[in-house]
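The values are calculated or read from the model by the stated rules, or taken from the named source; none is laboratory data. Remember, it's a predicted structure, so these values are computed and weren't measured experimentally. Positions of Cβ are generated from backbone atoms using ideal geometry, with glycine treated the same way; all protein chains shown enter the neighbour counts.
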Amino acid sequence: MLTALGNRADRSQRRPRTSTTTSTAGPAEAFHLYRQARSQRARTLNSLLIPLNDDYTIPLRRAPDIRQACEEAYGPAKTASVTSLRALLGVIGAHEWRTKGIELPEAGGRIYPHFGVFAPIRREYVDLVSTTLLPAVCTELGARPEPGACPPLGARASSPHPGARSVAFDIGTGTGVLAAVLARRGIERVVATDIDPRALACARENVQRLGLSERIDVVQADLFPEGRAALVVCNPPWIPARPSSSMENGIYDPESRMLRGFLRALPEHLVTGGEGWLILSDLAEHFGLRTRAQLLEEFEAAGLRVVGRNDVAPRHPRAADKTDPLHIARAAEITSLWRLAAR
């Protein structure tokens with residue numbers, strides 16, 4: 001039934017795209033029309049409701065056992081309720097990801113996403129962090145500690161600092177995948193931050209599974225932890241638009257708040273010779289939501305200079321899907337790792 005409703009909604013959305021108004025729309029207008037149509041589609045599909053008992057069982061014959069999936073997403077059951085079938089399928093899908101995991105050799109094994117935490121199914125940003133040459137200060141033997149450098153994980157305040165080369169920050173860690181990649185590349189200590197309790201629990205579990213608890217410290221912070229590092233990595237949401245649900249927080253960054261917050265505070269968290277790695281898709285540029293000039297102006301305003309950039313083309317299926325109304329933008333997308341340093 002849900003598939004039939006979705007197919008009918010998709011057919012009704014395809015008709016307007018042949019109209020003169022839609023065909024002549026600019027990139028930004030086309031993007032907003034697309035999001036509006038998707039929002040309307042979601043509202044329609046969310047109207048199909050499923051009852052749940054006070055233990056998350058479904059009072060229907062031959063219904064699957066979804067209790068564990070619901071507990072992972074919603075916490076312990078307290079009372080009978082109803083939920084949309086579409087949302088319930090999302091909960092079940094998240095449970096399957098959490099059970100099976102995603103194999104990422106660069107991280108040293110499997111990453112297990114939790115419900116509500118962005119899953120690392122797109123490999124471009126992982127590949128960029130795993131292959132970009134580390135800053136020289138990270139590889140200098142006998143690097144001297146700098147004022148404000150973080151102490152070793154679990155060390156007392158009186159312990160000697162580890163040296164600039166041995167510390168990296170992963171800002172907005174999510175599942176912890178990039179922190180794991182950095183640790184596997186030889187960074188002695190990684191401080192991974194996030195503000196979302198779901199992400200923190202997810203990252204800590206993954207770090208423990210990968211045997212990296214002695215190398216990675218997962219802390220709650222709004223962007224930066226205290227101190228400075230030789231390398232600071234951030235993969236913020238790529239699209240400067242308002243998310244329509246909490247599930248879209250990993251994709252949409254209203255008014256580029258996270259991006260701007262990261263850039264403006266980055267210089268004060270870098271040691272001399274350190275680099276900030278910003279992983280950012282140019283999809284927003286193709287959608288007409290941000291220009292390259294505006295991005296470069298943000299770097300300049302933050303007191304940063306570009307010391308290098310590595311690019312990779314998309315490999316996900318949607319980039320080749322010509323039926324996607326945003327196909328032209330998706331096919332032209334480039335994901336970049338911007339190497340930034342303080343001026």
### Query
Does at least one position in the stretch 142-149 carry a residue that is over 29 Å from residue 40 (Cα atoms), within 28 Å of the chain's Cα centre (by Cα) and either at pLDDT 95 or above or of a type in the set (A, V, I, L, M, F, W, C) (or both)?
yes
### Message
Residues that are on the phi < 0 side of the Ramachandran plot, hydrophobic (A, V, I, L, M, F, W, C), at pLDDT 95 or above and in a helix (DSSP H, G or I): does the stretch 282-294 have at least one?
### Response
yes
### Message
I need the strands (runs of 3 or more DSSP E) fully contained in the stretch 178-240, keeping only those with at least 2 residues that are in contact with a Phe, Trp or Tyr (Cβ under 6 Å, 6 or more places away or on another chain) and not assigned by TED's automatic domain parsing to the domain that holds residue 338.
### Response
none
### Message
Within the stretch 57-76, take every residue that is hydrophobic (A, V, I, L, M, F, W, C) and more than 12 Å from residue 95 (Cα to Cα) and give me the one that is modelled with the highest pLDDT.
### Response
58
## Note on the structure
Checking 284, 241, 293 in turn, the sole residue that is of a type in the set (Gly, Ala, Ser), within 23 Å of residue 332 (Cα to Cα) and without any contact (Cβ under 8 Å) to a residue 24 or more places away in the chain turns out to be 293
#### Entry: Number of positions in the stretch 285-299 that are surrounded by 13 or more Cβ atoms within 10 Å (Cβ to Cβ) and either in contact with a Pro (Cβ under 6 Å, 6 or more places away or on another chain) or among the acidic types (Asp, Glu) (or both)
6
### Task
State all residues of the stretch 105-133 that are part of a helix (DSSP H, G or I), over 21 Å from residue 248 (Cβ atoms) and not hydrophobic (A, V, I, L, M, F, W, C); if no residue qualifies, say none.
105, 106, 127, 130, 131
